[in-house]
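One structure is given below, encoded as structure tokens.
Taken together, the values in this text are just the output of simple stated rules run on the coordinates, not laboratory data. Since this is a predicted model, take the numbers as computed values, not measurements. Reconstructed Cβ throughout: ideal geometry from the backbone, glycine too, with neighbour counts over all protein chains shown.
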Amino acid sequence: MLKVLDSAVPVACWSCSVAHNESTLFCPDCSKIQPPSTGDFFSVFGIERRLNLDLAALERAFHRLSRQLHPDRFVRASASEKQWSLADTALVNDAYRTLKDPLRRTEYLLKLEGVEMGAPADASRALDQKTNLLEEVFELNMQLDEMRAAKKAGQRNAELEETLRQARKWNAGRVEAVDCQMREQWTRWDAGDAAARTAAQRELVALLDRRRFLSNLLRDVNEILKD
Amino acid sequence: MAYSDKVVDHYNNPRNVGTLDKSAAEVGTGLVGAPECGDVMRLQIKVNPATQVIEEAKFKTFGCGSAIASSSLATEWIKGRTIDDALKIKNTEIVKELALPPVKIHCSVLAEDAIRAAIGDWRKKNNLDEPAAAEQVK
Ligand code: FES
Ligand SMILES: [Zn+2]
């Protein structure tokens, strides 16, 4: 799925023949566009693989590349260069969208690291936590159903509405807590050795699972309390 | 996304939606969730203690159409089967019956997990040992 070229192997520029180690979209020497990059999303922007990102720098890199890839610049380029610029544009957009979003970035990095999603190694504890969460999610969904039925019948159920409002507050708080824990694990991963990274990855998988249940729930509660 | 006719049918007329008394000894409850999407499913069975036949099955699913169809179908299939027979149901059979596309396979896995969880709960309640092979965690 994701192929990462060993960046230690130098690639020669098709135009000026100078070899460069980094897989960049443009040759650092003659600045000609290069054949589609086989690197990951981080290497697209020439940044290190890590979870705490300088988002402002990422945005600047994105805008710089978008400018460099603008079709106007390839009007007189060869057919392959034109084609590469189009492929790169799609890649850059994809990479930016993924990396700027905290959850997608985390998921993406875990995938790059070959971590299997939804299979927490710390199964017993995760399961324990999860069963409680599942029960809550389920109960709340039942209440949402009830609320929908009441609405459809043109009734107002003030008590239920209040319960849902409470649930929303409570769950928004939990989302925040999960995000906070996730950031802790980011730092642990970024700074850690292999062992620390493996441990952080395990935590992150569990946190992402939890986050998905909570996000769905919050979305549905918001939907029903909207009007 | 285009759902198959069978999925649409189960979605529009889900079979066996409902609740059984969770505290009853003959009732087993399986509550499972798909971490991929955050959907949840509850499947309950009522088992005849003498014959170990599943006499009733109910479900309630908060999730996508495929998950609803998978659990609806699962309740249809397990009703009238013995516990051991019900455990033989594989998610791949559900995929085939409902013509689920690859991205919806996890929805059928959820249904298989729910059957196992419900049976596991019933066994635990009734202090029945789990046959080691069948309960092997995947
Ligand atoms: S998409 Fe979640 S169970 Fe189908
Ligand atoms: Zn060059």
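Can you give the angle from 0 to 90° between the axis of helix B:105-125 and the longest principal axis of chain B, with both taken from C-alpha atoms, to the nearest 10? Taking Cα atoms only, the helix is inclined about 10 degrees. Loop-located trypsin sites (Lys or Arg not before Pro) across region A:155-227 with a Cβ neighbour count of 13 or fewer within 10 Å are A:Arg156, A:Lys226, with loop assigned by DSSP. Our coupling estimate for region A:34-50, obtained by passing each phi through the Karplus curve with A = 6.51, B = -1.76, C = 1.60 and θ = phi - 60°, is 9, x, x, 5, 9, x, 7, 4, 5, 5, 4, 9, x, 10, 5, 6, 7 Hz, Gly and Pro reported as x.
Each of B:Ala117, B:Phe62, B:Gly18 was placed along the dipole of region B:5-126 (beta-carbon charges, centred on the mean Cα), and the one lying farthest toward the positive end is B:Ala117. Put simply, the amide H of A:Thr24, placed in the peptide plane, has no neighbours under 5 Å, leaving out anything fewer than 5 places away on its chain. A Gaussian network model of chain B, with springs between Cα atoms under 10 Å, assigns the largest mean-square fluctuation among B:Asn127, B:Asn16, B:Asn48 to B:Asn127.
Listed by chain and number, the lysines placed with their C-alpha closer than 29 angstrom to that of A:Lys111 are A:Lys3, A:Lys100, A:Lys130, B:Lys90, B:Lys96, B:Lys104, B:Lys138; residues fewer than eight positions away on the same chain are left out.
For region B:5-126, a simple Cβ point-charge model (Lys and Arg +1, Asp and Glu -1, everything else neutral) yields a dipole of about 220 debye relative to the Cα centre.
Across the alpha-carbon atoms of the protein assembly as shown, the computed radius of gyration and Dmax are 25.5, 83 angstrom.
As a length-normalised measure over Cα pairs under 8 Å and 6 or more apart, the relative contact order of region B:5-126 settles at 32 percent. Relative contact order of chain A, taken over Cα pairs closer than 8 Å and 6 or more residues apart, is 17 percent.
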